[in-house]
Each structure stands twice: as C-alpha cells, then as structure tokens.
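Report on the structure given below.
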Amino acid sequence: MWIDSHAHLEMKEFDPDRPQVIERAVAKGITGIITIGTDLESSQKSLALAKTYQTIWATVGVHPHDAASFHPETLPQLTRLAQDKQVVALGEIGLDFYRNLSPQKAQIETFRQLIQLAKTVNLPIIIHDREAHEEVLAILREEKAWEVGGVFHCFSGDWEMAKQCLDLNFFLSVTGAVTYKKGSVLEEVVRRVPIESLLLETDAPFLSPHPFRGKRNEPAYLVHTAEHVARLRGLALSELSQAVLQNTSRVFKRLLEN
Ligand SMILES: [Zn+2]
Ligand SMILES: [Zn+2]
C-alpha cells in the first residue's frame, strides 16, 4: 500500500483519462493520492476531485510560479477552502529562483503570508524549493514554520541541507528523480535520511521515474521510485511501504480523520 503524497491530477494533462489514471494507481496499490493546488483555481479543482474520488485528498496553495497571481482577496478564499476536511495541507508554496516565473519579491511575500495562513488553520505546509535553499530555510525560521511542520517536496538539496530541514521539523519527499543517476547527491540523501522522515511522491505529470522518463508521469509509477528507494535502503518493499505510510499519516493528520 502506498500514498502518492504529491501529484497534480487536476492538471489538463489528465483531462483525457483521469478515471483510468486513478484506476491504474489503485491496481498498483496506491490507495491514496494527494492532489496539490498551485493557485486559487487549481486549489478549487483539487478539492472538487477530492470530493469526487474516495482515494483523493487535496491541498490548497499558491506555487511560487503563480505568486504574481496572489492578491489580497486570494487569502480569504484560500482560508475558506482550507477549512474543508478533505484538505490535508497548505501547499505547494515556496520559492523558485531557478525559473523565476514570478518576481522574487512577490514569491517571498506570498510564501510568508501562506505560512502564516497554515498556522492560522493549523495545517502542515508543502514546500517547493528550487535553487533557493538558503532563502527558504531563512524564511521558515523567521516565520516559525516548525510550529506546523510539513514536507520539502521533490527534495533537491544535499545532506547538509537535509539535516537543516529535519531540524526544522520537516519531512523530505522524493520523486522519480532519484532513479535518474547512480551515485547522485539525491541518492546519498535517501540513504542517510532517517526512515521516519521520508515520504514518496510522483509530482505527476512531471518527473517520471525510470523507465518512463520523459513521458507523462502518473501515480501508478510511484512503485518504480519505491523499488529504487527500497534497494538503496536495503529494505524489503513491504518494510518501506509500512514506514512511508506511517510517515505520510503523521504529516497529513487529516488523512486519518477521513
Ligand atoms: Zn513543486
Ligand atoms: Zn508539484
């Protein structure tokens, strides 16, 4: 049994065959999929999916790419959505200084406001951090984000960074990117992270694990990432599954309430 802790099932890439994608996931033992909001509209869509499918939960948030779309009136709307029992986290939120699709100043301001919102509604946060490690860590400290904790999704730092995230009460979530290169920095992090702080995700439709790299990703492929991680850790697949399932429900407490 697995939970895909980060997928974008509301995206248009899944419009042609969403029910089949969900069926294929269930057939592979993925009994839960957390669908991630990236702006107000996709947050609403994610919640609608969570209400339609028993195996889906939602998050609401504004991605750093979309930070420029964050207006004062977005906040009360997100607050209202976040009250729903099917919403298990605030996210994804954070900083992306690699693509800089929104101005950095807007990214930082939105990130701070949404951490505060997470604290108000008492939900963990899902962090998107690309080429902004120092800045993200500094903001998490300043905003006392450890009070809610959460996940660094698609973790891309080294072991030094990982230790700082763990100290701040955050879990590390790993995508199919771990299957790309033998001996990578990411493989090292996956070997060293305490098993009770590790989550798995697809980030579908992006970042397909080997042997599907370059194709549309979907939650069913989580199993390929899991097999790779189990090998790296020297664990049986069933042991990894049990640990990750426990971790996922420790971060996303509302999973257990529904
Ligand atoms: Zn992301
Ligand atoms: Zn994402």
Practice task
Enumerate the helices in the chain for which the Kyte-Doolittle hydropathy averages -1.0 or more and the C-alpha atoms extend at least 15 Å along the helix's axis, using complete DSSP H runs.
Solution key: 40-52, 104-121, 222-233, 237-251
Exercise for the section: Taking all pairs of distinct Cα atoms, average 1/r, flip it, and tell me the Kirkwood hydrodynamic radius of the chain in Å to one decimal place. Expected result: 17.9 Å
Practice task
Only loop residues by DSSP count here, and only those with at most 16 other Cβ atoms within 10 Å; note down the trypsin sites (Lys or Arg not before Pro) in the stretch 209-258 that meet that.
Solution key: Arg213, Lys215, Arg216, Lys253
Problem - trypsin sites (Lys or Arg not before Pro) lying in DSSP loop within the stretch 100-185, provided at most 12 other Cβ fall within 10 Å - result: Lys144, Lys181, Lys182
Fill in the blank from the handout: Note, Ile115: beta-carbon cut-off 14 Å, +1 each Lys/Arg, -1 each Asp/Glu, net -3
Handout entry: Entries of Lys105/Lys181; Lys119/Lys253; Lys105/Lys163; Lys45/Lys85 with Cα pairs more than 22 Å apart
Key = Lys105/Lys181; Lys105/Lys163
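Give the residue list of GluC sites (Glu not before Pro) in the stretch 35-132 that are DSSP loop and have at most 10 other beta-carbon atoms within 10 angstrom. Walk me through the numbers on the way to the answer.
On the way: sites: Glu41, Glu73, Glu92, Glu109, Glu131; in loops: Glu73, Glu131.
Here the sparse-neighbourhood loop sites are Glu73.
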Practice task
Two decimals is fine: what is log10 I(q)/I(0) at q = 0.11, 0.25 Å⁻¹ for the stretch 174-258, from a Debye sum with one equal scatterer on every Cα and no solvent?
Solution key: -0.29, -1.26
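We did not get these values from a lab; they are worked out from the coordinates using the rules stated. Please read these numbers as outputs of a predicted model, since none were measured by experiment. Using ideal geometry, Cβ is built from the backbone for each residue, glycine included, and neighbour counts are taken over all protein chains shown.
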